[in-house]
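Q: First the structure, then my questions, so here it is.
The values are calculated or read from the model by the stated rules, or taken from the named source; none is laboratory data. Owing to the predicted nature of the structure, the values given are computational and were not obtained by experimental measurement. We place every Cβ from the backbone using ideal geometry, glycine too, and count neighbours over all the protein chains shown.
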Ligand code: PMP
């Protein structure tokens, strides 16, 4: 099969076609190099330029201030669930976690193994349909940090604006919405994100952290788990995911050539609106998240019965709309429409939804 279908997968997810084409074109030999990116030393001049482009691209797109480091690590966002508390949760301190979905819960579980944590708010009772208001969060002004998940990929719940947590360092898991919109990096102490949704393939994790935090890191952490080691070695303490960083650099170039994050944000909002309007237009479809915090990246909804959801998935898949089955933990339908997902795919899904309802409603 050479024709591409519409890929609604939550991650690894659809990548921009021009990125895939460039990678394909240069697969056997990077221009002037005679070798592929996967066959060269991570300490070569060529790779040095590639990782430099990746970092510069992220810095420009996200307007990352100079006092922040950008790291390209491995172990996924899941390893960050452990690294964050290992580096920044001292034995005599406590960290606040705000739970708006399944990934925040996982982050909390790992932090508990490291030290004292407190749930500043959890939206679990309502089935994770929204983010808490300021009044619903009991934030400890002396917390070592407060952890949020900017976009809960499974439930489709997104912070539209970051919460105000006062002077406490804010740590955010942005795995599923980084680069989807402009953000103010200076509001965060640390941002982490697996690349496999909006930035590239799996196997590379971006960490953006403020320099002053490095002083808090305890002595004698395992080398690979110590952010300072990675900062001091510019993400090259060991062999990084060279291929992943290369693709990420191409994705940044693609974003820059398409107007940057402002343009991306507008397009993402348009795409999401098309889908949410289709959901809201009828009682047949029921959106999972509350209107004011529904995600522009992962659109989650239910049908009147599980049997119908199964049928919906089977029939949409047969029509080339792939990956619409909701996460196994919550069921329902999830349409992940990251940056690289084309608007035509959203339009195709909307017309499928209308047709499906006509036949089954
Ligand atoms: N956090 C969020 C918000 C995610 O969506 C995911 C992956 N879907 C993870 C963490 C875990 O990421 P990884 O598989 O890279 O460890």
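Q: So which of 227, 188 is in contact with a helix residue (DSSP H, G or I) (Cβ under 9 Å, 6 or more places away or on another chain) and more than 14 Å from the ligand (Cβ to nearest atom)? Break it down stepwise before answering.
A: On the way: 188 fails: in contact with a helix residue (DSSP H, G or I) (Cβ under 9 Å, 6 or more places away or on another chain).
Selected residue: 227, the only one of 227, 188 that is in contact with a helix residue (DSSP H, G or I) (Cβ under 9 Å, 6 or more places away or on another chain) and more than 14 Å from the ligand (Cβ to nearest atom).
Q: Out of the range 1-40, which residues are on the phi > 0 side of the Ramachandran plot and within 27 Å of the chain's Cα centre (by Cα)?
A: Passing the criteria: only 11.
Listed here are the residues, each with its yes/no results for (1) assigned to a loop (DSSP other than H, G, I, E, B); (2) in contact with a helix residue (DSSP H, G or I) (Cβ under 8 Å, 6 or more places away or on another chain); (3) surrounded by fewer than 18 Cβ atoms within 10 Å (Cβ to Cβ).
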position	(1), (2), (3)
98	no, yes, no
111	no, yes, no
119	no, yes, yes
135	no, no, yes
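Q: Just checking, does the range 75-83 include any residue being farther than 21 Å from residue 237 by Cα, assigned to a loop (DSSP other than H, G, I, E, B) and either touching a strand residue (DSSP E or B) at 6+ places or on another chain (Cβ under 7 Å) or outside the structural domain of residue 198 (by TED's automatic domain parsing) (or both)?
A: Pass one, the range 75-83, residues farther than 21 Å from residue 237 by Cα: none.
No, the range 75-83 has no match at all.
Q: Evaluate the following for residue 179: is it in contact (Cβ under 8 Å) with a residue 60 or more places away in the chain, touching a helix residue (DSSP H, G or I) at 6+ places or on another chain (Cβ under 9 Å) and either more than 30 Å from residue 9 (Cα to Cα) or surrounded by fewer than 24 Cβ atoms within 10 Å (Cβ to Cβ) (or both)?
A: no
Q: I've got another one for you. Here are the criteria: (1) farther than 16 Å from residue 194 by Cα; (2) in the same structural domain as residue 215 (by TED's automatic domain parsing); (3) touching a residue at least 24 places away in the same chain (Cβ under 8 Å). Tell me which single one residue 30 does not satisfy.
A: (3)
Q: Would you mind telling me which numbered condition in (1) in a helix (DSSP H, G or I); (2) within 16 Å of the ligand (Cβ to nearest atom); (3) within 25 Å of residue 244 (Cβ to Cβ) residue 71 fails?
A: Among (1) in a helix (DSSP H, G or I); (2) within 16 Å of the ligand (Cβ to nearest atom); (3) within 25 Å of residue 244 (Cβ to Cβ), the lone unmet condition for residue 71 is (1).
Q: Return yes or no: is residue 271 in the same structural domain as residue 100 (by TED's automatic domain parsing) and either touching a helix residue (DSSP H, G or I) at 6+ places or on another chain (Cβ under 8 Å) or closer than 30 Å to residue 360 by Cα (or both)? Please lay out each step first, then the result.
A: Working: in the same structural domain as residue 100 (by TED's automatic domain parsing): no; either touching a helix residue (DSSP H, G or I) at 6+ places or on another chain (Cβ under 8 Å) or closer than 30 Å to residue 360 by Cα (or both): yes.
Spelling it out, it is not the case that residue 271 is in the same structural domain as residue 100 (by TED's automatic domain parsing) and either touching a helix residue (DSSP H, G or I) at 6+ places or on another chain (Cβ under 8 Å) or closer than 30 Å to residue 360 by Cα (or both).
Q: Run residue 252 past the list (1) assigned by TED's automatic domain parsing to the domain that holds residue 349; (2) in contact with a helix residue (DSSP H, G or I) (Cβ under 8 Å, 6 or more places away or on another chain); (3) under 30 Å from residue 63 (Cα atoms); (4) buried (at least 22 other Cβ atoms within 10 Å of the Cβ) and report the number of the one that doesn't hold.
A: Unmet for residue 252, out of (1) assigned by TED's automatic domain parsing to the domain that holds residue 349; (2) in contact with a helix residue (DSSP H, G or I) (Cβ under 8 Å, 6 or more places away or on another chain); (3) under 30 Å from residue 63 (Cα atoms); (4) buried (at least 22 other Cβ atoms within 10 Å of the Cβ): (1).
Q: Take the residues of the range 6-30 that are assigned to a loop (DSSP other than H, G, I, E, B) and out of contact with any helix residue (DSSP H, G or I) (no Cβ under 9 Å at 6 or more places or on another chain): which is surrounded by the fewest Cβ atoms within 10 Å (Cβ to Cβ)?
A: Checking each candidate, the answer is 28.
Q: Consider the range 196-219. How many of its residues are on the phi < 0 side of the Ramachandran plot and within 16 Å of the ligand (Cβ to nearest atom)?
A: 11
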